[in-house]
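The values are calculated or read from the model by the stated rules, or taken from the named source; none is laboratory data. Every value quoted in this text rests on a predicted model; they were computed, and no experiment measured them. Positions of Cβ are backbone-derived with ideal geometry, glycine not excepted, and every protein chain shown enters the neighbour counts.
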Amino acid sequence: MTDYPNAILNYERALRLAPNEIDIRYNLDLANEKIEDKIEPLPQLFYKRWFYSIRNAAGQDVWALLFLVCFAASVLALGLFFLSSKSGFKKLGFYGCFSFLSAAIVFISLAFSMRQWQEIQREAIVFAGSVSVKSSPVESGTGLFVVHSGTKVKITDEIGEWRRVKLADGNEGWLQSGDIEEL
């Protein structure tokens, strides 16, 4: 029997390092087809999808490098504005400085967003064969629904050995930390 939870865990980890790698995404999709739970994610607003696709188009280092290049270009354009005596060069320097500085702000925002997403995003893969998600962080809590091995969950809170998890379809509950493996 193939170890799909471990495969999914490692493909998800690899996807965090290379978010646009199509081979990783393809293999992850193949592994996800083999698990028992088929959870349909909640739809995202169109502007969030656009922002995430732009943010994930490059890594945090690329966005930071683009910021530095644009910032340096804006400083050069500002120098052109102050040091030029011709009005055409002054206009070019002014508008160039404004344009490059605006682009630099966008790039640094994308870099910070990528970093925040990588640090704050706490996700895990269920490794227990079949586990009941509880309504409260105690063994005697009411079972809300069942998840199976290989299911991806988002960790939203923790109390002792219990983790509050949220599924892609919006369902929430508590699982013991021994039943999941964090990305």
Across segment 44-97, what is the total count of residues that are loosely packed, with under 15 Cβ neighbours inside 10 Å, assigned to a helix (DSSP H, G or I) and not aromatic (Phe, Trp, Tyr)? 17
Of all residues in segment 132-155 being part of a strand (DSSP E or B) and without any contact (Cβ under 8 Å) to a residue 24 or more places away in the chain, which is nearest to ASP179 (Cα to Cα)? SER132
Members of segment 21-54 found to be among the charged types (D, E, K, R), under 18 Å from TRP117 (Cα atoms) and modelled with pLDDT of 85 or more, listed by number: LYS48, ARG49
Does segment 16-25 contain at least one residue that is in the same structural domain as SER132 (by TED's automatic domain parsing), in a loop (DSSP other than H, G, I, E, B) and of a type in the set (Asp, Glu)? yes
Of all residues in segment 12-38, which are within 25 Å of VAL131 (Cα to Cα), among the acidic types (Asp, Glu) and surrounded by 12 or more Cβ atoms within 10 Å (Cβ to Cβ)? GLU12, GLU36, ASP37
Which of the residues belonging to segment 127-183 are polar (S, T, N, Q), more than 21 Å from GLU36 (Cβ to Cβ) and in contact with a Leu (Cβ under 9 Å, 6 or more places away or on another chain)? SER135
Any residue at all in segment 79-102 that's closer than 30 Å to ASN20 by Cα, of a type in the set (S, T, N, Q) and outside the structural domain of ALA18 (by TED's automatic domain parsing)? yes
